[in-house]
Amino acid sequence: MTGLDTNVLLGWLLNRRSKLPGGGPFRISLIVLVELVWVLQSQFRNSRSEIASIIETLLQIPDVDVAGRDAVKAALDDFRDGGADFADYLIGHDNALSGCETTWTCDRKAGRNPRFTLLQMEN
């Protein structure tokens, strides 16, 4: 198995390289997914729906092992319709799947999601 970094994955997705050298299988870490979403939103101006579709496609490729697959799938559902960042939803679902009852946050958008508890921090 070979791990892919964000730049290689992005190049592959943008068809700069129609085939990755060495065949597969390949692994995509959660950090790479978060970076990928950030680049697709900030640099390429992809919509939430487009980004969710791209990641769902990655999840279906047999030779691609996406870390935290269940958390990623659940986070995509929230990301598509919610206002928080993909990373926030991923954190919430990953924590829930690890047995956490909630995830504390100071992020108001993430705090609207049932996986989170919004904290009011005092200065």
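Since every read-out is calculated from the coordinates, none of them should be taken as a lab result. Because the structure is predicted, anything quoted here is derived from the model rather than measured. Don't worry about glycine lacking a Cβ; one is built from the backbone with ideal geometry, like all the others, and counts go over all protein chains shown.
Report, in whole Å, the centroid distance computed from the Cα atoms of region 20-97 and region 100-123. Region 20-97 and region 100-123 have Cα centres spaced 22 Å from each other. Ranking L40, P114, L97 by Cα position along the charge dipole of the chain, where only Lys, Arg, Asp and Glu carry charges on their C-beta atoms, puts L40 farthest toward the positive end.
Note down the magnitude of the dipole of region 27-73 about its Cα centre, charges +1 on Lys and Arg C-beta and -1 on Asp and Glu C-beta and zero elsewhere, to the nearest 20 debye.
Values: 5 positive and 6 negative charges, 28 e Å.
So the magnitude is around 140 debye.
Rounded to the nearest 10 degrees, the inclination of helix 86-97 to the longest alpha-carbon principal axis of the chain is 80 degrees. In terms of its alpha-carbon gyration tensor, region 2-58 comes out prolate; a/c meets the 1.5 threshold, and the first ratio a/b outweighs b/c.
Between E122 and N46, what is 0.36 nm times their sequence separation minus the Cα-Cα distance? Round to one decimal in nm.
On the way: separation 76, 0.36 × 76 = 27.36 nm, distance 3.63 nm.
Contour length minus Cα-Cα distance gives 23.7 nm.
Angle of helix 30-42 to the longest C-alpha principal axis of the chain, folded into 0 to 90 degrees and rounded to 10: 90°. Compute the longest continuous run of the chain that contains no exposed trypsin sites (Lys or Arg not before Pro); treat a site as exposed when its DSSP state is not H, G, I, E or B and it has at most 14 other Cβ atoms within 10 Å. In short, 46-111. Label zone of D65 (point 7 Å out along Cα→Cβ, amide N under 17 Å): in region 71-91 this covers 71-72.
Size of the dipole of the chain about the Cα centre, Lys and Arg at +1 and Asp and Glu at -1 on the beta carbon, nothing else charged, in debye to 20?
On the way: 13 positive and 16 negative charges, 87 e Å.
For this selection, approximately 420 debye.
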